[in-house]
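Everything below concerns the one structure shown next.
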Amino acid sequence: MKKELLARSRGTIVLLVLALVVVSCGGDGGATTTVGTTEPATETTAAPMETTEASTETTAAAGGDITFDVGVTEDTITLGLLADLTGPFAPLVQDIVAAQEVYWDMINAADGIAGRQIEVIVEDTAYNPDQHRTKYEAIRDQVAMLSQSTGSPQTAGVIDLMLEDDIVAIPLTWYSGWADPTFDQSTVLEQQTNYCLEGMNVVEYVSNTFEEANGAPPTWAVISFPGEYGQDGAFGAKYAIEQLGLELVFDAEALVTPTPDDPETEVITGIVSNAPDVVFTTVNPTNLAVIMGGAAQSGFQGQWTGNVPSYDFRLLDSPVAPIIDAAYVQPGYNVAWGTDVPGMAALRDAMLESRPDLRPSDAFVVGWIEAQITHEVLQRAAESGDMTRAGIKAAALTIEGFNFDGLAPDQSYSPPDDPNAYVTRSIAIFDPNLAAYTEAGGAAQTIGTAPNGGTTGSDLVEDFFAGELASAYDFTGACFRP
């Protein structure tokens, strides 16, 4: 299958998109917490707690005395999720939040953590850095930690407050700065690999397989958002292109803006006029649909790939679906929904019981992993007897080789001063399969009605691996810094 996937020269891709209609990525809901506005939210799932200046308390619970402060009481642990529920990544994030909520319902039904029930406060940041900061300030005195913080620039924009509050966060962002203790002082606990190393892996993999199929190495274009997301991915891709001696025929780093009404004419024109064999993207799914469709209308017939957040399986519902099916190489930080690995059974069963009306989504796996990491951190803090924010952070930095039962590569945060030793370097490769997705019911699928919970049409081509470049890269700090 790997050879079949990459053996499509530019002349073999049929242009079936006659008119571009930007994919509508409206979500199916799932998040039960009231969505906040641009003002600090007043309605949450948990009552306000004491401020960060409050003195610590000690209680006897679950194996001994536990000291706690902000966001923890004798009965509850309150978590915060700063989530893009209405912005450019909303459909994916809504699914991720839904999976987290289902996970915590499952844990609460099993007596919680250290005898405490988990409560969550979900705030909508709309992928806006100013709104992200406003929402952080609204909940900073209520939560023990953040089990999600969406967006690289957004999360970077509140690190000063997080350090002031001694709070840790699981980022819904794979920026390489999170694995750099000199950048964030280990207050952001990355999950899986980062955009930079992913870019190296993707370019090396696609280049090798393209050359094997076509007899010559590919030429490349790189297009990205500005900032910690887009330019971190672009750094990794361009590093690999340079190291492999390949030709970068069009460089559109930081030229794409995450606004759905922007036709990206300059970028589309650059792709078409320079005719790369492969386009690497670090954008969002709507931008990908606009650029891919616009380039196709102008005659471009090359391959496409990019960092994971560029793609959403819902693009298989859009007019660019035939191009996705024929020409897109899809990397992954974790397995796809329904993959036969030990960790999938609990996730699928819980989603089926709690949210049977949702359609299948690979993003459920991401939310589940966020919650698993958070759970492990809190459990270790409880076992140490210290559930203060400082104790929670200290517990997180003891994690080595945490296993997700096949959902994703193992995760470590220790030793915290040596990112080269613990940074995750591997990705998987998938082939979007329009026929399988359509046969299963496409957008009409629900977890509760589709066989085996349905499919997102992501066929595994290459299990988790790290290429030579990513494996050998001396990771001593963030690849991109603004």
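The values are calculated or read from the model by the stated rules, or taken from the named source; none is laboratory data. Everything numeric in this text was worked out from a predicted model, so none of it was measured. Ideal geometry is used to build each Cβ from the backbone, glycine not excepted, and the neighbour counts take in all protein chains shown.
Here is how the numbers come out for the structure above:
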quantity: Residue tally, condition in contact (Cβ under 8 Å) with a residue 60 or more places away in the chain and not in a helix (DSSP H, G or I), over segment 285-299; calculated: 1
quantity: Qualifying residues in segment 300-310 (those that are in a helix (DSSP H, G or I) and in contact (Cβ under 8 Å) with a residue 40 or more places away in the chain) - the one surrounded by the fewest Cβ atoms within 10 Å (Cβ to Cβ); calculated: VAL308
quantity: 1 or more residues modelled with pLDDT of 95 or more: qualifying helices (runs of 4 or more DSSP H) within segment 360-470; calculated: 363-384, 389-396, 434-439
quantity: Pairs where the first residue, in segment 145-174, is surrounded by 24 or more Cβ atoms within 10 Å (Cβ to Cβ) and the second is among the basic types (Lys, Arg), C-beta under 6 Å, 6+ apart; calculated: VAL158/ARG133; ILE167/ARG389; VAL168/LYS393
quantity: Hits in segment 204-236 - residues which are free of Cβ contacts under 8 Å to residues at least 60 places away in the same chain, part of a loop (DSSP other than H, G, I, E, B) and under 20 Å from GLU468 (Cα atoms); calculated: ALA216, PRO217
quantity: Residue check, ALA336 more than 26 Å from ASP75 (Cα to Cα), among the small types (Gly, Ala, Ser), under 18 Å from the mean Cα position of the chain (by Cα) and surrounded by fewer than 24 Cβ atoms within 10 Å (Cβ to Cβ); calculated: yes
quantity: Candidate set from segment 104-135 (those that are among the hydroxyl-bearing types (Ser, Thr, Tyr) and in contact with a Gly (Cβ under 8 Å, 6 or more places away or on another chain)); member that is nearest to PRO88 (Cα to Cα); calculated: TYR127
quantity: Pairs with Cβ under 6 Å, 6+ apart, first in segment 344-371 and over 26 Å from ALA169 (Cβ atoms), second hydroxyl-bearing (Ser, Thr, Tyr); calculated: ASP357/THR446; ARG359/THR446; PRO360/THR456
quantity: Scan of segment 329-348 for residues that are in contact with a Phe, Trp or Tyr (Cβ under 8 Å, 6 or more places away or on another chain) and either closer than 15 Å to GLY306 by Cα or assigned to a loop (DSSP other than H, G, I, E, B) (or both), ordered by number; calculated: VAL329, GLN330, PRO331, GLY332, TYR333, ASN334, ALA336, TRP337, GLY343
quantity: Test for LEU347: is it within 18 Å of THR446 (Cβ to Cβ), under 19 Å from the mean Cα position of the chain (by Cα) and not assigned by TED's automatic domain parsing to the domain that holds THR286; calculated: yes
quantity: Candidates ILE373, ILE369, ILE291 - the one that is of a type outside the set (D, E, K, R) and outside the structural domain of ALA109 (by TED's automatic domain parsing); calculated: ILE291
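Matching residues to (1) in contact with a strand residue (DSSP E or B) (Cβ under 9 Å, 6 or more places away or on another chain); (2) closer than 18 Å to TYR311 by Cα; (3) not aromatic (Phe, Trp, Tyr):
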| position | (1), (2), (3) |
| --- | --- |
| ALA216 | no, no, yes |
| THR219 | yes, no, yes |
| SER224 | yes, yes, yes |
| ALA237 | yes, yes, yes |
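Residue by residue, here is whether (1) closer than 21 Å to LEU81 by Cβ; (2) acidic (Asp, Glu); (3) over 18 Å from the mean Cα position of the chain (by Cα); (4) buried (at least 24 other Cβ atoms within 10 Å of the Cβ) holds:
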| residue | (1), (2), (3), (4) |
| --- | --- |
| ILE369 | yes, no, no, yes |
| ILE373 | yes, no, no, no |
| ALA382 | yes, no, yes, yes |
| ILE392 | yes, no, yes, yes |
| LEU397 | no, no, yes, no |
| PRO409 | no, no, no, no |
| SER414 | no, no, yes, no |
